[in-house]
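The values are calculated or read from the model by the stated rules, or taken from the named source; none is laboratory data. From a predicted model like this one, the values you see are computed outputs, not experimental measurements. Cβ atoms come from the backbone with ideal geometry, glycine included; neighbour counts cover every protein chain shown.
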């Protein structure tokens, strides 16, 4: 069989009503990828001291990730030393009033500043515009022409939601908080003046961790971020996803749930027109998919002439542009998350170091094609799989 084409299959994903909030996802870190985030260290020679990584969410390790910002140990330059670790995640340009939403958790002693920047690769406090912080006392400070303490204190090991309403024209921001003892949304600060007085588009979410030294400790315990969203239409004090329809209504149980979560097809594969093609439709907004091309896996189940080196390519069917491609699943930066997710959906595990291929990525609504081809020009039997991640 030279080419296998499956008719386009709707995944029967649920869609939100037109009246839902205007939040759009920036990164919830479930894919295991930082995307185009800028990561930095200072002093540069200490760049092995702490770091920025995505780890499995302890509450849902099989399917979700969180971003860990770890300052590492205190600086060795006693009395004057500070070690800094930071990340800056790109967000759509804020040119008017917009709401940046994210979640934050600290595990212990932490000195972390958070906010927005108009600098492509921010690496100094002067690069911040909208800005607030928490130090080792857990109290949230705001930078309003200098730092000032608020009455809000963060508890350890507690997730907090934050809404930063940024007004570029006015050079100010408002900050709201919810979590822990704050069971309802509270305004943490009002009309905070930008530290960096600029009307340039705010297009970076910037977080910076400082350690200090042993005689002047600032922070030594990791903190975590999750669920970065943005609403470019103005103030939005809702939690992203709260108003998404989750009840599809009455579904005839005798005919199944009506929801397709996985499709797969097997065939003989080589290159070019002898590749295997699987089409599917994503109807939900930024739905996560696990897409796999198995060859060596099949050999372990006694399949003769299994494809030795499958390569998968995901294309947007509207213009055939390449969304992503992979050869050797373990080469992915989010390989650990791929393995966890595969286990959670019941997929057969790929062996460490195998030449099977896989991708886990978010796809906007649209029609897509998965191409499974031979990475070394040989012919063999391969299995193409598409999983919709709950």
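Brief remarks follow.
- Any hit, the stretch 103-121, residues being buried (at least 23 other Cβ atoms within 10 Å of the Cβ) and in contact with a helix residue (DSSP H, G or I) (Cβ under 7 Å, 6 or more places away or on another chain): yes
- Selected residue [out of contact with any helix residue (DSSP H, G or I) (no Cβ under 9 Å at 6 or more places or on another chain) and over 19 Å from residue 288 (Cα atoms)] from 372, 367: 372
- All of (1) touching a strand residue (DSSP E or B) at 6+ places or on another chain (Cβ under 8 Å); (2) under 23 Å from residue 61 (Cα atoms) hold for residue 314 with one exception: (2).
- Strands (runs of 3 or more DSSP E) lying entirely in the stretch 77-188 (those with 3 or more residues that are farther than 15 Å from residue 206 by Cα, modelled with pLDDT under 90 and assigned by TED's automatic domain parsing to the domain that holds residue 201): 147-153
- Residues in the stretch 142-169 that are touching a residue at least 24 places away in the same chain (Cβ under 8 Å) and more than 27 Å from the chain's Cα centre (by Cα): 143, 144, 145, 150, 152, 169.
- Qualifying residue in the stretch 218-234 (condition: assigned by TED's automatic domain parsing to the domain that holds residue 165, over 15 Å from the mean Cα position of the chain (by Cα), outside any loop (DSSP other than H, G, I, E, B) and surrounded by fewer than 20 Cβ atoms within 10 Å (Cβ to Cβ)): no
- Subset of the stretch 195-214 [within 29 Å of residue 36 (Cβ to Cβ), buried (at least 18 other Cβ atoms within 10 Å of the Cβ) and more than 27 Å from the chain's Cα centre (by Cα)]: 195, 196
- Criterion violated by residue 87 - all others in (1) over 30 Å from residue 344 (Cα atoms); (2) surrounded by fewer than 23 Cβ atoms within 10 Å (Cβ to Cβ); (3) touching a residue at least 40 places away in the same chain (Cβ under 8 Å); (4) in contact with a strand residue (DSSP E or B) (Cβ under 8 Å, 6 or more places away or on another chain) satisfied: (1)
- Of residues in the stretch 282-298 being under 20 Å from residue 31 (Cβ atoms) and surrounded by fewer than 22 Cβ atoms within 10 Å (Cβ to Cβ), the one modelled with the highest pLDDT: 289
- With respect to (1) in contact with a helix residue (DSSP H, G or I) (Cβ under 8 Å, 6 or more places away or on another chain); (2) buried (at least 20 other Cβ atoms within 10 Å of the Cβ), the lone exception for residue 348 is condition (2).
- The residue pairs whose first member lies in the stretch 49-68 and is in the same structural domain as residue 112 (by TED's automatic domain parsing) and farther than 15 Å from residue 209 by Cβ, whose second member is modelled with pLDDT under 80 and assigned to a strand (DSSP E or B), and whose beta carbons are closer than 9 Å, counting only pairs six or more residues apart or on different chains, are 63/288.
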